[in-house]
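Here's the structure, in structure tokens; my notes come after.
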Amino acid sequence: MIFGSEETDNIINEESGGYEHVKDYITIGQPNAGTLAKLQELQPSTTYGDPIDAIIVGVETQHRYLATKRTWTRKVYLLTDGENPIELEDWEATAKKINALEVGLFVIGVDFDHDEDIPFREENKSHVKRTNEEFYHKLRSHLHRGDVGNCDFAMKEISRPDIKETRSVLQGTILRLGDVDARPEEAVEILCKTSKATAMQRPKSWKRFARREKNTAERNREDAMEVDDDDKAVFAQLRMRTEYYIGLKGDGEGSDAGGSDTDDEDGDDKNKHVEKVEKEQLVRGFKYGSSYAPCPDGQFPRLATRKGIDICGIFSAKNFRREYAMSEVTYVWADTTQPLQQVALSAFVQALYEKGAMATARWVTTDGSEPKMGVLHPVMFDRVDCLMFVRMPFAEDVRNFPFPSLENLISKKGERITSHPYLPTDEQMEAMKHFVDAMNLKDAGEKDEDGCDTPWFDICLSYNPAIHRVKQAQFHAAVVPDLNTHPLPPPHPELTKYFDPPKRVLKRARDAIEECQDRFKVREVPKKVARARKDGHVRAHDEDDETLLLDKAVKRTKSSAQLGGTSQHSQSQTLRTQSFRQAKKQDDSETESETEEEEELLLDRKPTNRALPTPAPEEPERGQAPGRIIGSTYPLEDFRANMARGDVVTKAVEDLGAVIKEIVLRPFASRREDEMIQCLRELRRVCLEEDEIDAWNAFLRNLREACLDGKPGNIEFWSRVKDESRMMSLISTTEANELGGKSDVSEPEAAEFIQR
Amino acid sequence: MASYEDWNRIEEDEEEELEDASYYEGKKDVILFCIDCSPSMLELHDDPNYEDLQTCHLYTALEAAMNIEKRKVMVGPNDAVGIMLFNTTRRNEKDGQSAEIKKGNFVYQPIETINAPNVQEVMRLLEAAREDPNLLRETFPPMTEGRIPMGDVFTSCNWVIRDGAPKTATKRVFLVTDEDDPHPGAAKERLITTARTTLIDLVQAGVTVEPFFISTEDKPFDPSNFYSSVLLPTNVVDEDDAGGNFLPESISIARVDDLLEQMRIREVPKRAQFSVPFQLAEGFTIGVKGYGLITEQKKGSYKYFVDLGDRMDVVNSRTVYVDEDTQAEADKARVLYGMELGSTAESAEDEEGEEGLRVAPANCKVFYTAEELRSFRTLGLDPIIKLLGFKSQSKLNFEDNVKHSLFIYPDEMTYSGSKRTFTALLRTMLNKNRMGIVLTLTRRNASPQFCALLPQAEKVDEGGWHEPAGFHLIPLPFADDIRAAPVQESVRASDELKDEARRFLDKLMIKNGAYNADAHPNPALGYHNAQLEASAFREEFDPAAFEDRTVPKYDQMHKRAGTLMKAWKEALLKDESANMTIITTGSKRKADVSVDEAEIRSKYDSGGLEKLRVDQLKEFLKSKSQSVSGKKAELIVRVSEWLEKHP
């Protein structure tokens, strides 16, 4: 209902005239996007309307709409800036009518004065507005239900989290103790009702939209004209569709076919022969490894089960492992209409409670559904006894991962180590004790009515920030025309009130925290630059691959920082080697700390093969062995970089040869075959041009021997080399002469070498 | 239920937190069983479980391998296994890649995705070996002279894995042997060195070796004779704990009977679910990794297959979002998010009845981007565990639970000094009986969650298995998750009745009992898997052979407390308060449907149940917590059944 409109359109006016400038703008109904769109279209008028008229029309319209819905709660909100003149006669009759219909009237005034929260007073308030505000308060005092408030305050309160109270439905079930079929005279059955005690709520979901693309012709036309701003964008809501594909296995990675959701890249790049299939053609089944077990129904026959909660055993509550609880919690009540059942359950609960015990139970929700195991915990409320059930894991649900001991460190000699950087010292323990004491929340909350300290953090006041923030965002997007000009305001402070420890506690703990920082000396370890690895297994030992023991880690920060600039991909490897040495030297000298002796005892700290500090997949360095300037990770690049430098040709040629040979003779060599052939080509070219002909010839003979006769050898690779034919063979005199070099290999010999 | 539908739901609300499991299932696991085949492994001894049967360590090892295969195939149908034996004179045919396998090693099953024929092959071999204990010796003749160098074993493992394992998989070798000193004599030092070098190669290829050393009274196993210098320190480069181990924890010594148990612990490769900073206070942060030690193991979801004539092939599905009017597929990167648009009479007029469209000025922003959506859920937090303070452990109530817990363990690799700090905190909290209250955001697309931080002390039990030291993170419900108790009042039992109940509870209580997860394998899952296995093996499934171990031990219960339960029931019926009637304060009037049980019973006895109205039958069934669905005939059957069972 709008008032102050140019037009008049309302039921009272139609029937008996009057009530001008009040318009039934949006008829009563559920609001949606259309409602909001219509509100956006409202334009200021040049006239006034009487709010009392509007209230009367509103109440009447609502009354007629609710003629058959007597139980509904009625509310009328009046939104005004208070500047409209009001006919102040006879308002008592209106108030009486509002009360008679049990309507709540809430007046929300733009810039109305108010005292709550942050008090607000409008300066230079007009006389009309002041009078009207007073009137609204007077009206309010005559109403049973209602309020007068400030608009900004109301807007803020909208984002305050509120909890939608859900009433849990009571479900019937039976609590059984003993065998009700075979021994009914002894077995116990209690009729029960269950309801949820906790139930996870999730944020409301979003719908997907995409801007509808214009067809090409249209777009071209627009491009030419530089799309003008009044243009409308059309967004269409998207629907989900599932498409099915079979990937005909073409390439070697056959075992990859298993993944259920192919992501886009996978689908497009790897499987060139993808074929779309229709859902109707498909059969359901399960995978048993690479075998297939058909199962047209999508499930095998189920285990026959009977609805109810069977008690399996009783155990002491102190043996309950809290971390095993794995579900929401459910109440189990006695049937609400049968005293016999209530007394029975009450006796059971009280007995359990008194014993300090819990029951193991097997729960089947409906006939034929899957049984769940859990525990029943007795609860005695003020006037009712009940049980609470929580699921516990089945044998399959527990993962017993092995974790190394934190307390028992054993040296290589088999002795227990009692002092080590992994173990806290007495001083550190002392500092931690102070910290834990200082950070106690038991009295850190607000004072209660009696002035006593209360604990800080109350589950009942901890709102799920995601739910309420998403709600706020959805509401906001719905009511503003443009998110660019009206960005989402910050979250309500209630949502983040538990995001940091209370100030009081932090203040109290300040010294303890400083003490801890000083004594524990925790340092962030700089992240290693993750590099795309070409091959997981080929990595020579790296001087720098040391286990991170504590004291070292700190120094390492320094040396890595020095390296930072040079570890770029394209940098010359030679340079890097130098800085490495430098860094290493520094590292060594600095490790001469008091812990060194002890470290030597530790197994990790072996001079030759040290444990790798990072997960295997990362390739921390370029993998050059000590003394080499070519790494095994990017040999070709390293080689070229060194060539560019110019003065290390002989060394580079020698090293690349050695690296190629190493790679070729290792497992998984086939994956780098192409790369190695390229290296060979490059190496041969350089040898020919830079007069390293003898080096090439010696290398190639050596490589052939290693591939064909050596163990493990790599016959396949040599046949790849053979495929390169003459151009990859020994460098002959003829070839060498062309560039002014020398060779001791004749042309026929070279031709023959590669053929053999 | 229909798991397929469940996937879709996850897809649809992709922006919501994905359940943790998906992370686990993404990675493939490859295990190569590498089993010693020397004479001592083949030596026959009496089977501890069956009389008149002889068995040997090799048999046990193969059986354990077979069982692991059978279990793994259910959890990760894409996982691959292989079996290699060493110290045997049997050789692989000289063809293809197996030519690389060193002498003395025999690849019984190369690494392949687990499949029914391979599992059945081992099963058949084991069955035959049961009949003829010498069969294994004949099939895999042991080397009688000396032993092959362990270096050769590791090299061969490398080749076998190289041939069969996909690059991205986690690769592990389960090494089973009973010889603690394979290379005594002069060459020992040299052989140790080569063994270690080859093992390093293996580790660098991303392979972890998990040793299972069989120790018996006659032949105790001492790792320090050989293995501690070989397996150390390289082998402890376990993805998560580099540098953390001093002696490798994974040196597991099993009595041969425990072999399967030991392997089961390592069945699933240990993977962290998240790795985040744990902020104890501003400027006081350590690194931790989180693990899901309690995670619901669900049935595998069914797949779609297509019949290609000669074989069945798995169908992959892909979800796309389309504009239904134009049939255009939306580019994922350009999808925007907003609320459902309802249609109204008004909008219909404007937009010619097109639903699901929103028109806005071109330069206005009316929807959110995916990135903004994420920030609404995370409230701008980056992944972290943030300590808020401490409370007494007694403040953690039974009902403050919504889902499974997580476990955190320090990570020295992200913050040096994490371990000592973590240990100090753990000790202090255990001493003072405290729990922490923390704010967590475990992954970038998760939402903030408050958790209780519960310390767990390290406990070692005799079997060598221990409970690790660390903290359990117990997600606390939000205010939004708490439901009110709908029942405020009911009749309570007298002390006499309660005492009577205590008598039978005393009898039923197990001393030092606790909830024992191992005693309760999931029957629904087991039933499903047994049928799946039968179907894959093309065998008949026998439902009668299936044992549900979660069914209460009735005999024991009745033997202990049967008579006391009976006495309690009798006392209950005599109790006054049990027989009062409850006045319900229902607001709605209904036709009087209450029917006396006695009346119904007499109708049942005289065969006159048909005379009752449907609402009366329903009311009766409802009062007995029975289902009230179905037609009248079904209701009558159900009422009759109930009355029959409750004379």
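The values are calculated or read from the model by the stated rules, or taken from the named source; none is laboratory data. Computed from a predicted model, the values in this text were never measured in an experiment. FYI the Cβ positions are ideal-geometry reconstructions off the backbone, even for glycines, and counts take in every protein chain you see. When the accessible area is computed, the model is the full protein with side chains, heavy atoms only, and any ligands, DNA or RNA have been set aside. Shrake-Rupley method; radii C 1.70, N 1.55, O 1.52, S 1.80 Å.
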Checklist entry - So which residues in the range A:693-710 are over 16 Å from A:Leu683 (Cβ atoms) and touching a helix residue (DSSP H, G or I) at 6+ places or on another chain (Cβ under 9 Å)? => result A:Leu708
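Let's see how each residue does on (1) facing chain B (nearest Cβ under 7 Å); (2) closer than 29 Å to B:Leu621 by Cβ; (3) more than 30 Å from the chain's Cα centre (by Cα); (4) not hydrophobic (A, V, I, L, M, F, W, C):
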position	(1), (2), (3), (4)
A:Ala357	yes, no, yes, no
A:Trp363	no, yes, yes, no
A:Lys372	no, yes, no, yes
A:Val375	yes, no, yes, no
A:Arg391	no, yes, no, yes
A:Val398	yes, no, no, no
Next on the checklist: more than 7 Å from chain A (Cβ to nearest Cβ) and hydroxyl-bearing (Ser, Thr, Tyr): is that true of B:Ser494 in this structure?
Outcome noted: yes
Next on the checklist: Looking for something within 7 Å of chain A (Cβ to nearest Cβ), open to solvent by less than 10 Å² (accessible area, probe 1.4 Å) and of a type in the set (Ser, Thr, Tyr) - is there at least one such residue anywhere in the range B:411-420?
Outcome noted: yes
Item to check | Residue identified as facing another protein chain (nearest Cβ under 7 Å), at pLDDT 85 or above and open to solvent by 90 Å² or more (accessible area, probe 1.4 Å) among A:Arg208, A:Arg202, A:Arg241 | outcome: A:Arg202
Checklist entry - Given B:Ala519, B:Ala514, B:Ala484, B:Ala469, which one is closer than 24 Å to A:Arg383 by Cα and among the small types (Gly, Ala, Ser)? => result B:Ala484
Next on the checklist: Given the options A:Pro404, A:Pro424, name the one that is under 30 Å from A:Cys516 (Cα atoms), in a loop (DSSP other than H, G, I, E, B) and at pLDDT below 90.
Outcome noted: A:Pro404
Next on the checklist: Return the residues of the range B:388-399 that are in contact (Cβ under 8 Å) with a residue 60 or more places away in the chain and more than 7 Å from every other protein chain (Cβ to nearest Cβ); say none if nothing qualifies.
Outcome noted: B:Gln393
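Condition check ((1) touching a strand residue (DSSP E or B) at 6+ places or on another chain (Cβ under 7 Å); (2) over 23 Å from B:Gly389 (Cβ atoms); (3) open to solvent by 20 Å² or more (accessible area, probe 1.4 Å); (4) part of a loop (DSSP other than H, G, I, E, B)) across all residues:
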site	(1), (2), (3), (4)
A:Lys433	no, no, yes, no
A:Lys442	yes, no, yes, yes
A:Asp482	no, yes, no, yes
A:Thr485	no, yes, yes, yes
A:Pro491	no, no, yes, yes
A:Glu494	no, no, yes, no
A:Phe499	yes, no, no, yes
Item to check | Cβ pairs under 6 Å, 6+ apart, first in the range A:732-747 and part of a helix (DSSP H, G or I), second of a type in the set (A, V, I, L, M, F, W, C) | outcome: A:Ala736/A:Ile693
Next on the checklist: Against the condition closer than 30 Å to B:Gly562 by Cβ and in contact (Cβ under 8 Å) with a residue 60 or more places away in the chain, how does A:Val188 come out, does it pass?
Outcome noted: yes
Next on the checklist: Report every pair of residues separated by at least 6 positions or lying on different chains whose Cβ atoms are under 6 Å apart, first residue within the range A:103-131 and free of Cβ contacts under 8 Å to residues at least 40 places away in the same chain and open to solvent by 60 Å² or more (accessible area, probe 1.4 Å), second in a loop (DSSP other than H, G, I, E, B) and among the aliphatic types (A, V, I, L, M).
Outcome noted: none
Item to check | Members of the range B:266-290 found to be closer than 13 Å to B:Thr440 by Cα and open to solvent by 20 Å² or more (accessible area, probe 1.4 Å), listed by number | outcome: B:Ser275, B:Pro277, B:Gln279, B:Lys289
Checklist entry - What pairs come up if the first residue lies in the range A:24-43 and is farther than 17 Å from A:Lys207 by Cβ, the second is assigned to a loop (DSSP other than H, G, I, E, B) and open to solvent by 40 Å² or more (accessible area, probe 1.4 Å), and their beta carbons are under 7 Å apart, counting only those six or more places apart or on different chains? => result A:Asp24/A:Met1; A:Tyr25/A:Met1; A:Thr35/A:Ile26; A:Lys38/A:Ile26; A:Gln40/A:Pro481
Checklist entry - Of all helices (runs of 4 or more DSSP H) completely enclosed by the range B:62-172, which ones contain at least 3 residues that are out of contact with any helix residue (DSSP H, G or I) (no Cβ under 6 Å at 6 or more places or on another chain) and in contact (Cβ under 8 Å) with a residue 24 or more places away in the chain? => result B:116-131, B:150-164
Next on the checklist: Anything in the range B:427-452 that is open to solvent by less than 10 Å² (accessible area, probe 1.4 Å), more than 7 Å from chain A (Cβ to nearest Cβ) and either in contact with an Asp or Glu (Cβ under 8 Å, 6 or more places away or on another chain) or farther than 27 Å from A:Met200 by Cβ (or both)? List them, or say none.
Outcome noted: B:Leu441, B:Ala446, B:Ala452
Checklist entry - Quick one: in the range A:306-322, which of the residues that are farther than 16 Å from A:Gly178 by Cα and more than 37 Å from the chain's Cα centre (by Cα) is surrounded by the fewest Cβ atoms within 10 Å (Cβ to Cβ)? => result A:Ser316
Item to check | Residue among B:Tyr527, B:Tyr515 that alone is over 29 Å from A:Lys318 (Cβ atoms), without any contact (Cβ under 8 Å) to a residue 40 or more places away in the chain, within 7 Å of chain A (Cβ to nearest Cβ) and open to solvent by less than 30 Å² (accessible area, probe 1.4 Å) | outcome: B:Tyr527
Item to check | Residues satisfying the stated conditions in the range A:167-199, i.e. open to solvent by 20 Å² or more (accessible area, probe 1.4 Å), among the aliphatic types (A, V, I, L, M) and in contact with a Leu (Cβ under 8 Å, 6 or more places away or on another chain) | outcome: none
Checklist entry - Just one of A:Asn697, A:Asn702 is of a type in the set (S, T, N, Q), open to solvent by less than 20 Å² (accessible area, probe 1.4 Å), assigned to a helix (DSSP H, G or I) and assigned by TED's automatic domain parsing to the domain that holds A:Gln755; which is it? => result A:Asn697
Checklist entry - Just to be sure, is A:Tyr331 within 7 Å of chain B (Cβ to nearest Cβ), of a type outside the set (Asp, Glu), under 38 Å from the mean Cα position of the chain (by Cα) and under 17 Å from A:Asp385 (Cα atoms)? => result yes
Checklist outcome for this item: Apart from one, (1) closer than 20 Å to A:Ala325 by Cβ; (2) of a type outside the set (D, E, K, R); (3) open to solvent by less than 20 Å² (accessible area, probe 1.4 Å) all hold for B:Ile482; the odd one out is (3)
Item to check | Some residue of the range B:51-59 being crowded, with 16+ Cβ neighbours inside 10 Å and part of a loop (DSSP other than H, G, I, E, B) | outcome: yes
Checklist entry - Do the conditions hold for A:Asn84, that is, is it within 53 Å of the chain's Cα centre (by Cα), of a type outside the set (A, V, I, L, M, F, W, C) and over 19 Å from A:Asn132 (Cα atoms)? => result no
Item to check | Flag if A:Ala478 is small (Gly, Ala, Ser), closer than 26 Å to B:Ala362 by Cα, touching a residue at least 60 places away in the same chain (Cβ under 8 Å) and at the interface with another protein chain (Cβ under 8 Å from one of its Cβ atoms) | outcome: yes
